[in-house]
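Read the figures in this text as sums done on the coordinates, not as results from a lab. Quick caveat: nothing in here was measured; it's all calculated off a predicted structure. Don't worry about glycine lacking a Cβ; one is built from the backbone with ideal geometry, like all the others, and counts go over all protein chains shown.
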Amino acid sequence: MGKSTLFNRLTKTRDALVADFPGLTRDRHYGNGRLGDRPFLVVDTGGFEPTARDGIMVEMAQQAEQAIAEADVLVFIVDGRAGLTAHDREIAARLRRAGKPLVLAVNKAEGMRREIVAAEFHELGLGDIHVISSAHGEGVRNLVEVCLAPFPLDPEDEDDLRGPKIAVAGRPNVGKSTLINALLGEERVIAFDQAGTTRDAISIPFQRGGKEYTLIDTAGLRRKGRVFESIEKFSVIKTVQAIEQSNICILVLDATQEVSDQDAHIGGFIVESGRALVLVINKWDAVDSYRREIFKREVARKLSFLGFARQLYISALEGQGVSGIFGAVDAAYAAAMIKLPTPRLTRALQAAVEKQAPPKHGLFRPKMRYAHQGGMNPPVIVIHGTALEHVSDSYRRFLERHFLETFKLQGTPLRVQFRTAH
Ligand code: GDP
């Protein structure tokens with residue numbers, strides 16, 4: 001079939017036996033490939049013999065099964081010169097059951113007319129057919145591009161090493177500056193640049209328990225001695241900027257006031273920008289239990305769309321409950337940055353569809369085949385299938401809730417998108 005030749009070309013090595021991972025037999029080969037700045041890992045199977053019964057063939061089939069289980073994308077290579085065989089059909093059926101992106105490559109096609117080579121394999125029903133010659137390198141680059149397409153690079157990956165960027169947002173006088181000082185109180189503020197204070201939202205990097213965080217200020221803070229002081233009026237632009245620069249927002253509410261439209265607007269903007277969120281209800285010290293109950297009910301009613309966030313009741317002034325914010329921030333950040341492999345997502349999708357199938361729309365019955373992760377912060381889950389343009393908004397929301405619950409993601413919104421194959 002030419003798997004080893006293709007493997008070598010993908011990994012640019014002459015040696016297909018790159019099995020330097022412990023515990024591998026030599027029938028499964030791992031190699032690193034790269035397309036531009038995109039790294040990828042290639043697993044070569046020893047071969048796939050679905051009808052094999054004994055000896056080496058069974059061993060090889062097991063290796064192939066394991067490789068299928070591990071992979072994000074399956075490339076099925078058939079021999080363009082030999083033509084379609086019964087064996088190809090069996091393998092195609094098996095691969096389809098894996099519920100993963102499947103790419104068909106017709107190999108050994110050098111010097112042959114593409115359409116003619118491809119025609120025969122259409123009946124496998126595996127979508128686009130990629131006619132390649134791994135010996136000559138024809139069509140291989142395109143094949144890799146197709147395989148990598150569902151897995152976009154996240155440009156923020158490197159940034160993440162510096163830990164969460166936290167915007168503290170809220171309307172004037174809710175206690176943002178007081179809270180920032182309380183949060184920073186005991187912590188080590190790392191190099192801090194005041195140059196940008198006049199126009200930009202400034203950021204304040206600090207460490208806590210060996211971890212790094214960066215606070216992005218919305219309140220126009222200036223440092224005065226050991227404390228930060230607010231020197232400006234509330235600025236919508238600064239708030240919007242800070243939210244956009246952040247990974248996670250702390251939305252501060254004032255328990256002594258009513259929940260206002262402005263609170264809801266800022267919350268709405270945070271949700272739209274997809275940021276993770278912790279809801280901090282401040283000045284809890286200044287309200288009695290009667291008022292506390294009323295406030296909780298108001299939050300539930302007026303800010304119900306922020307229900308995905310954890311709520312913390314604190315007093316920034318007295319430092320009560322402030323340290324608990326870090327736990328909530330860490331959890332929400334972890335949820336926002338989660339990486340979910342295609343097989344786990346696809347299993348969760350299948351469970352959702354079993355629980356509640358997407359309703360028929362006229363003559364169309366939307367069919368969901370597999371899911372892959374298309375982004376982080378917020379997690380974006382891209383569902384592939386047919387007739388998905390007919391899926392209702394309420395079903396999409398059902399899926400979003402299902403994924404959040406299945407993966408126990410608290411504190412981040414999550415988005416489901418559909419990609420229909422035509
Ligand atoms: P900002 O405009 O959101 O930065 O709010 P500030 O931090 O400047 O606080 C506004 C006012 O609320 C100040 O008088 C603070 O002392 C007061 N304040 C802040 N946090 C608390 C709190 O937890 N309890 C009480 N009782 N007052 C607070």
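Worth a mention:
- Computed from the C-beta positions of Thr386 and Ala69 and an R0 of 22 Å, the FRET efficiency is 0.30 to the nearest 0.05.
- Summing charges over neighbours of Gly111, with a neighbour being any other residue whose Cβ is under 12 Å away from its Cβ, gives +2 when K and R count +1 and D and E count -1.
- Gyration tensor over alpha-carbon atoms, the range 277-422, equivalent ellipsoid semi-axes in Å: 38, 18, 10
- Local charge for Ala98 was computed over the other residues whose Cβ lies under 15 Å away, with Lys and Arg +1 and Asp and Glu -1, and equals +3.
- Residues Lys367 and Arg347, FRET efficiency given R0 of 25 Å [Cβ-Cβ distance, rounded to 0.05]: 0.90
- Efficiency of FRET between Arg297 and Phe151 - r from beta-carbon atoms, R0 45 angstrom, step 0.05: 0.55
- Full extension of the chain between Arg141 and Arg89 gives 16.1 nm of extra length, using 0.36 nm per residue less the Cα-Cα distance.
- Cα pair distances of the range 342-420 binned at 10 Å [whole percent]: 19, 59, 20, 2
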